[in-house]
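Take a look at the structure below.
The values are calculated or read from the model by the stated rules, or taken from the named source; none is laboratory data. Since we're looking at a predicted model, the values are computed, not measured. Quick reminder, even Gly has a Cβ in these numbers, built from the backbone with ideal geometry, and neighbours come from all protein chains shown. To get the accessible areas, we keep the full protein, side chains included, count just its heavy atoms, and leave off ligands, DNA and RNA. Shrake-Rupley method; radii C 1.70, N 1.55, O 1.52, S 1.80 Å.
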Amino acid sequence: MKYGFIGCGNMGGAIAKALSKSTTDIALSDRSGKGKALAAQLGITYSDNASIAVSCSRIFLGVKPHMMKDCLAKLQDTLSQRKPLLITMAAGLEIRQIEEFAGTRLPVIRIMPNTPTAIGKGVIQYCCNDLVTESVLADWLEDMAPCGLLDSLDESLIDAASAISGSGPAYMYVFLEALADGAVACGVPRAKAYEYAAMTMIGSAEMYLATKQHPGALKDAVCSPGGSTIAGLRAMEDGGFRSAAMEGVIATYKRNKELGK
Ligand SMILES: NC(=O)c1ccc[n+]([C@@H]2O[C@H](COP(=O)([O-])OP(=O)(O)OC[C@H]3O[C@@H](n4cnc5c(N)ncnc54)[C@H](OP(=O)(O)O)[C@@H]3O)[C@@H](O)[C@H]2O)c1
């Protein structure tokens, strides 16, 4: 089989959903059997860790970072013999640690994805060790195209990038909810408030990407002198808006670093 997933929860499952648009040559595995329903929904196979290690040429590791060591320890013999491509998404764990847990040198791609991958709007940074050949990487990138943006990044920056895009959807959903709560407090029906807030986030982000204008200039275009938007921004700044966003990203980065220890 081409692809296996050891762990198919929130993140592994999101990648499996997108990847299944390129190929259905995929097997999923987890502990509880929850992955069976996802496999049935995507028209792919449900299996177990040992079978995936024996039969798949490319294996996504979708377990939590603290479970990785034990999980790979049980597969060391097979991995040493077959040397499949491992694709790790674990926050904080470096490629050298994955090789160490696998008990052998083998090709490893480290990715840092985010959950919008499930709908093809993900951001995925990736880096590889020296055993990943150019042709394997090119083929993998082609298969991963339905996931969204894939960007090569030096491993030393993956934890920092993860603090903005890997964890970012959580920040965005809290912001979305907070904006909508504000609108609801002003009388807008909740469903409309979510839709307006979400479309405003999409539109503003797409406008930045399309124009590449400085975010400050795009903000200035909305703030008339003495107007209502600048009054709202002032209130947000009074609540520590920018500082809270910056400190949040830095706290996530620090925690990523701790997870690898
Ligand atoms: N969530 C995100 O937004 C995000 C973003 C970037 C990176 N990541 C990374 O993605 C990885 C998974 O995170 P997650 O949020 O997807 O966690 P999750 O939803 O808890 O999923 C973990 C998966 O691993 C399975 N699992 C645990 N032990 C296993 C074992 N021994 N053998 C096979 N499967 C096993 C679980 O199965 P059961 O459910 O059956 O226990 C579940 O399917 C983590 O390393 C995390 O750092 C996550």
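Tabulated data for the structure shown
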| item | result |
| --- | --- |
| Heavy-atom accessible surface of the range 185-261: percent carbon and sulfur, 1.4 Å | 63 |
| Helix 134-144 vs. the chain, principal-axis angle (Cα, 0 to 90°, nearest 10) | 50 |
| q = 0.22, 0.24 Å⁻¹: log10 I(q)/I(0) that the Debye formula gives for the range 128-229, counting C-alpha atoms only | -1.29, -1.33 |
| Sequence of Asp25, Asp130, Asp143 when ordered by accessible area, the most exposed leading, probe 1.4 angstrom | Asp130, Asp25, Asp143 |
| Fluctuation leader among Gly92, Gly62, Gly187 - the chain, Gaussian network, Cα springs under 10 angstrom | Gly187 |
| Vicinal HN-Hα couplings computed from phi for the range 69-83 (Karplus, 6.51 cos²θ - 1.76 cosθ + 1.60; Hz; Gly/Pro x) | 4, 5, 4, 6, 4, 6, 10, 4, 4, 5, 5, 5, 6, 8, 6 |
| Pairwise label distance in nanometres, Arg234 with Ala198, each label 7 Å out on the Cα-Cβ vector | 3.4 |
| For the chain, built as a Gaussian network whose Cα springs stay under 10 Å, the top-fluctuating residue of Tyr208, Tyr126, Tyr173 | Tyr208 |
| Cα gyration tensor of the range 1-49 - equivalent ellipsoid semi-axes, whole Å, descending | 14, 11, 10 |
| Accessible area (Å², 1.4 Å probe, nearest 10) - Arg190 | 100 |
| Accessible area of Val184 in the full protein assembly, 1.4 Å probe (Å², nearest 10) | 50 |
| log₁₀ of I(q)/I(0) at q = 0.14 Å⁻¹ - the range 73-126, Debye sum with one point per alpha carbon | -0.42 |
| Simple spin-label estimate for Lys69 and Ser224 in nanometres, 7 Å along Cα-Cβ | 6.2 |
| Within the chain, helix-based [θ] at 222 nm, where runs of 4 or more DSSP H residues each add -39,500 (n - 2.57), nearest 500 | -15500 deg cm²/dmol |
| Rounded accessible area of Ser32 (nearest 10 Å², 1.4 Å probe) | 80 |
| The range 1-70 and the range 149-171: distance between their alpha carbon centers, rounded to Å | 22 |
| Nitroxide proxy distance, nm - points 7 Å out along Cα→Cβ at Arg31 and Leu259 | 1.7 |
| Kirkwood Rh, angstrom, the range 10-123 [1 / mean 1/r, Cα pairs] | 14.3 |
| Under 5 Å, built H, 5+ apart or other chain: amide partners of Ile109 | Leu86, Ile87, Thr88 |
| Accessible heavy-atom area order of Leu176, Leu93, Leu259, highest first, probe of 1.4 Å | Leu259, Leu176, Leu93 |
| Acute angle (nearest 10 degrees) that the helix 168-185 long axis makes with the longest principal axis of the chain, alpha-carbon atoms | 30 |
| Amide H contacts of Tyr46 (H built 1.01 Å from N, under 5 Å, at least 5 apart or other chain) | Leu28 |
| Debye log10 I(q)/I(0) at q = 0.13 Å⁻¹ for the chain, Cα point scatterers | -0.89 |
| From phi via Karplus (6.51, -1.76, 1.60), per-residue ³J(HN,Hα) for the range 206-219 in Hz, x at Gly/Pro | 5, 5, 4, 5, 6, 9, 6, 5, 4, x, x, 5, 5, 5 |
| Accessible solvent surface per residue of the range 40-168, calculated while the other protein chains remain in place, 1.4 angstrom probe, Å² | 44 |
| Distant-in-sequence amide H partners of Gln125 (H built 1.01 Å from N, under 5 Å) | Met112, Asp151 |
